[in-house]
Amino acid sequence: ALVQGERWNLKNQKFRRDLTPLDETCPCYTCQTFTRAYLCHLIHAHELLAYTLLSIHNITELIRFTQSIRKAILQNQFAVTFQKWLEPSEKND
């Protein structure tokens with residue numbers, strides 16, 4: 001899953017009991033309705049719903065990303081904003 005520019009592996013054990021939304025700042029149906037633990041369960045159970053819910057979230061995240069890039073370009077801050085998205089993530093362990 002894409003979460004604020006980072007790639008998270010929801011198969012990880014640390015998500016099994018995490019009752020928080022995937023991304024608390026995301027307005028998508030997935031984040032407003034389901035927990036990380038439930039998404040982790042769906043993935044481990046090979047439920048097709050997992051892929052649908054993650055697609056909804058990831059598309060929303062990509063839209064938010066392009067909006068932030070558009071805003072950065074208009075404010076002449078593209079290089080700074082884009083560099084933040086390129087920095088390596090520590091949450092994918």
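The values are calculated or read from the model by the stated rules, or taken from the named source; none is laboratory data. On a predicted model such as this, the values are computed, not experimentally measured, just so you know. All Cβ positions, glycine included, derive from the backbone under ideal geometry; neighbour counts span all protein chains shown.
Quick one: in the stretch 34-77, of everything that is among the polar types (S, T, N, Q) and assigned to a loop (DSSP other than H, G, I, E, B), which residue is farthest from Glu24 (Cα to Cα)? Filtering the stretch 34-77 for residues that are among the polar types (S, T, N, Q) and assigned to a loop (DSSP other than H, G, I, E, B), the one farthest from Glu24 (Cα to Cα) comes out as Asn76. Of all residue pairs spaced 6 or more apart or on separate chains, none has beta-carbon atoms under 7 Å together with a first member in the stretch 78-93 that is farther than 21 Å from Asn12 by Cα and a second member that is modelled with pLDDT under 70 and of a type in the set (Ser, Thr, Tyr). Quick one: would you say Asp23 is among the acidic types (Asp, Glu) and under 13 Å from the mean Cα position of the chain (by Cα)? Judged against the criteria, Asp23 is a match. Report, by residue number, each residue of the stretch 60-77 that is among the β-branched types (Val, Ile, Thr) and in contact (Cβ under 8 Å) with a residue 12 or more places away in the chain. Matches in the stretch 60-77: Thr60, Ile69.
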